[in-house]
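Okay, structure first, notes after.
Every number here is computed from the coordinates shown, using simple stated rules; none is lab data. Please read all numbers here as calculations on a predicted model, not as lab measurements. Using ideal geometry, Cβ is built from the backbone for each residue, glycine included, and neighbour counts are taken over all protein chains shown.
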Amino acid sequence: MIGPMDHKGWLADLNGQQGISVYLHVPYCREICLYCGCNTKMAVRNEVISRYRRALEGEIGLVTSLIKQLPDIARLHWGGGTPSILGLDGLRSVLAVLGSHFRFDLTFEHAIELDPRYVAAEFADGLAELGVTRASLGVQDVNPLVQVAIGRIQPLSVIESAVKRLRSAGIGNLNFDLLYGLPMQTLESVRKTCALVSAMEPDRIACFGYAHLPSVKANQRRIDEASLPSLDQRIDQAELIAEELVSFGYVRIGIDHFAKPTDPLVSAAASGKLHRNFQGYTDDDRQVLLGLGASSISTLAEGYVQNIADVPKYIRAIEAGELASVRGRRLDADDRWRGRVIERLMCDFSVDFSIVAPGADLSRELPMLAPMVRDGLVEITDSKLAVTEAGRPVVRIIASAFDTCRRPETAQFSKAV
Ligand SMILES: C[S@@+](CC[C@H](N)C(=O)[O-])C[C@H]1O[C@@H](n2cnc3c(N)ncnc32)[C@H](O)[C@@H]1O
Ligand code: SF4
């Protein structure tokens, strides 16, 4: 079982010569949307948010005290929840603590997830002053009927204003998150969303399938299941969104991202340098990701560690001067080649084992893929495996043949789309 002891050793060994990425998680929102599957809570009192912010700052102090050679930060990503809930003063305070330990490298990219309903003009200006270079907006769907059904009312004008304010502040790199499979969504509604969203010209659009897990997420129990699209309708919606966004000039990246032809994701994808991490597709090739905050995952040279997801427990651990890591995995050589194969399949839809996993024993995996070869979903020639056009929608299932924790099962088909 991996925990704080391993985490301490891994931090101590961190290579200070290479730039790292940092992820800061803020698990609070002003209200909880019915569809939300994120690790977040409603924050009624500002003291709760301040206490969490102090814990985040405490964790930065704790983690950095364990690193012998501090690297530079190349990428910083605020996620949530709604990190803007810290306010400009709160964000500034955390950045000051980070800046008192780390240097930011020359290519520094600073991204934040924003709820379009909370992007006032002064706030956008303040974010730019804090050095934010990229904003990711939760758009989901612009259709009013869908917005009512998911408990997230944000008229198109609200999204347009957020975009305008961010751009006037100088934050030019914008991502939109869209969802399909939401209650009340139809092919017509997603077609309209694609047209209206493309007209705002975000640089990147991520489009995920709505994950409905009412047994785990109490807020989702208020969604009328009768209004959810069927599995076939979900597949049709995902395909239509891809067709529409491509028709508006976006380039398809991997399974669920779209980018303008000039976006760095497109050149990364074309040159086989695309990566996929916990947040989706990225051109970030940093080997180390420090995840800070409740539920955050860190990727270190030796393996992964995840912090406690329960926010009060996370705060208590940090206030007691302890690392909040609660589980993880030390990666051996087998895990590493499997990870590389899965990443290439998810990013390139093909993999050359002689390059990515030389010498790997594929005697269990190749027979497992035989039915998919018969169904025309994958092609295997010499040392190469290529996912066909027909296989792309189920690439997760194909890739899971290389994952010792998740072998392919037909039951997983619905989750994969
Ligand atoms: C942290 S939120 C984005 C920032 C901000 N809180 C907001 O809602 O605009 C991150 C993204 O998670 C995705 N998400 C949330 N709940 C989801 C669910 N049940 N299934 C799939 N994606 C979901 C949405 O695309 C959402 O934009
Ligand atoms: S979708 Fe965003 S704003 Fe809504 S509850 Fe989830 S994290 Fe909060």
Worksheet, complete the sentence: Over 24 Å (Cα to Cα) among 192/260; 164/192; 192/273; 41/313; 164/217 -> 192/273; 164/217
Worksheet item: So how far, in whole Å, is the C-alpha centre of the stretch 1-48 from the one of the stretch 227-256?
Response: 30 Å
Practice prompt. Using 0.36 nm per residue of separation minus the Cα-Cα distance, give me the extension gain between residue 122 and residue 354 in nm, one decimal.
Written response: 78.2 nm
Practice prompt. Nearest 5 is fine: what % of DSSP beta bridges in the chain come out antiparallel, could you say?
Written response: 40 percent
Discussion item. Need one number: nm distance between label points at residue 248 and residue 12, each 7 Å from Cα along Cα→Cβ, rounded to one decimal.
Written reply: 5.3 nm
Discussion item. Which of rounded, prolate or oblate describes the stretch 40-131 when judged by the alpha-carbon gyration tensor and an a/c cut-off of 1.5?
Written reply: oblate
Worksheet, complete the sentence: Here the stretch 69-75 yields Karplus 3J(HN,Hα) values (6.51, -1.76, 1.60; θ = phi - 60°; whole Hz; Gly and Pro given as x) of 10, 6, x, 7, 8, 9, 9
Discussion item. Just to check I understand the Karplus step: with θ = phi - 60° and J = 6.51 cos²θ - 1.76 cosθ + 1.60, what whole-Hz values come out for the stretch 393-404, glycine and proline as x?
Written reply: x, 10, 4, 4, 5, 4, 5, 5, 5, 9, 9, 5
Practice prompt. Starting at the first residue of the stretch 309-318, write each ³J(HN,Hα) from the Karplus equation 6.51 cos²θ - 1.76 cosθ + 1.60 with θ = phi - 60°, in whole Hz, x for Gly and Pro.
Written response: 7, 5, 5, x, 5, 4, 4, 4, 4, 5
Discussion item. Loop-only trypsin sites (Lys or Arg not before Pro) in the stretch 87-176, please: DSSP not H, G, I, E or B, and at most 14 other Cβ atoms within 10 Å.
Written reply: 103
Item to complete: Starting from the amide H of residue 176, placed 1.01 Å from N in the peptide plane, find each other amide H under 5 Å away whose residue is 5 or more places distant or on another chain.
Response: 137, 204, 205, 206
Discussion item. Starting from 0.36 nm per residue, how many nanometres of slack lie between residue 236 and residue 106 once their C-alpha separation is accounted for?
Written reply: 42.5 nm
Worksheet item: Gap in Å between the Cα centre of the stretch 52-101 and the Cα centre of the stretch 368-403?
Response: 41 Å
Worksheet item: Of 141, 236, how do they rank once you tally other Cβ atoms within 10 Å and put the fewest first?
Response: 236, 141
